[in-house]
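Input: a single structure, listed below in structure tokens.
The values are calculated or read from the model by the stated rules, or taken from the named source; none is laboratory data. Everything numeric here is computed off the predicted structure, so don't read it as measured data. Glycine gets a Cβ as well: all are built from the backbone with ideal geometry, and neighbour counts include every protein chain shown. Only protein heavy atoms, including side chains, enter the accessible area calculation; ligands, DNA and RNA are left aside. Shrake-Rupley method; radii C 1.70, N 1.55, O 1.52, S 1.80 Å.
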Amino acid sequence: MRAWVSDTFFASLAYVVASFLTFEVLMPLQNAFFPEYPSRASLLFLPHGVRVLAAWLLGWRAIFALLPGVFIVFAFLAGSDVFTPSRLMAIVIAVTTAPAVFYLCKWMGWDLFPAAHKRPCWICVMGVGVITSFLVSGLTNLAFGSATAEYIAYLIGDLSGLFFLMLGLYFAFRFMERRA
């Protein structure tokens with residue numbers, strides 16, 4: 001029980017921090033450097049990386065671990081509109097898609113979850129992130145009724161955010177291996 005509470009706290013905190021960095025730091029920079037860019041999507045969307053990495057590390061528990069953080073971010077961005085059907089559907093899509101893709105891969109015989117006896121397959125996790133991004137972007141844009149340009153912008157932001165966070169996690173793991 002204690003581990004579950006810890007996982008939930010850190011996964012949700014990571015999601016909130018990644019969202020804060022994206023919306024309050026990176027997007028204003030993006031708007032300053034690319035003022036003609038018409039989309040409201042971030043070209044470096046760090047929360048997607050948190051979703052995928054949490055699903056990889058926690059499995060199905062990522063759904064419950066991320067739910068508080070995802071809800072907080074949606075509530076911050078949408079206010080009381082967080083309870084509209086499209087926003088609630090987007091929250092469900094955000095927290096369930098990555099774990100579902102990891103378990104689908106496992107069901108097909110491709111177990112990507114970390115284990116003590118195997119090294120992480122970073123390319124595989126990135127591949128799941130690509131699949132997840134297509135699904136999340138498509139389903140979320142369907143729920144909101146967004147244009148195709150938004151869909152492509154979400155894909156770019158998701159993949160760059162996942163790559164950036166995976167790179168950080170890779171170097172953190174290497175650092176910990178060298179210290180051990």
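The table that follows gives values for the structure above.
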read-out: Selection from the range 75-90 of residues that are at pLDDT 95 or above and either under 16 Å from the mean Cα position of the chain (by Cα) or not in a helix (DSSP H, G or I) (or both); value: none
read-out: Condition check for P47: more than 20 Å from Y151 (Cα to Cα), in contact (Cβ under 8 Å) with a residue 12 or more places away in the chain and not hydrophobic (A, V, I, L, M, F, W, C); value: no
read-out: Among the residues listed as I156, I123, I131, I152, the single one being within 17 Å of G59 (Cβ to Cβ), open to solvent by 30 Å² or more (accessible area, probe 1.4 Å) and assigned to a helix (DSSP H, G or I); value: I131
read-out: Residue, farthest from V52 (Cα to Cα), within the range 95-118, restricted to residues that are in contact (Cβ under 8 Å) with a residue 12 or more places away in the chain and either touching a Pro at 6+ places or on another chain (Cβ under 8 Å) or open to solvent by 70 Å² or more (accessible area, probe 1.4 Å) (or both); value: W110
read-out: Which numbered condition V95 misses (of (1) at pLDDT below 95; (2) closer than 22 Å to S19 by Cβ); value: (1)
read-out: Residues satisfying the stated conditions in the range 162-180, i.e. loosely packed, with under 10 Cβ neighbours inside 10 Å and under 19 Å from A98 (Cα atoms); value: none
read-out: Extreme residue, modelled with the lowest pLDDT, among residues of the range 134-149 that are buried (at least 16 other Cβ atoms within 10 Å of the Cβ) and either over 15 Å from the mean Cα position of the chain (by Cα) or of a type in the set (V, I, T) (or both); value: S146
read-out: Filter result (part of a loop (DSSP other than H, G, I, E, B) and under 23 Å from K106 (Cα atoms)) within the range 39-74; value: G59, W60
read-out: Residue within the range 24-39 that is out of contact with any helix residue (DSSP H, G or I) (no Cβ under 9 Å at 6 or more places or on another chain) and either of a type in the set (K, R) or surrounded by 18 or more Cβ atoms within 10 Å (Cβ to Cβ) (or both) present; value: yes
read-out: Sole exception among (1) in a helix (DSSP H, G or I); (2) over 12 Å from the mean Cα position of the chain (by Cα) for W110, by number; value: (1)
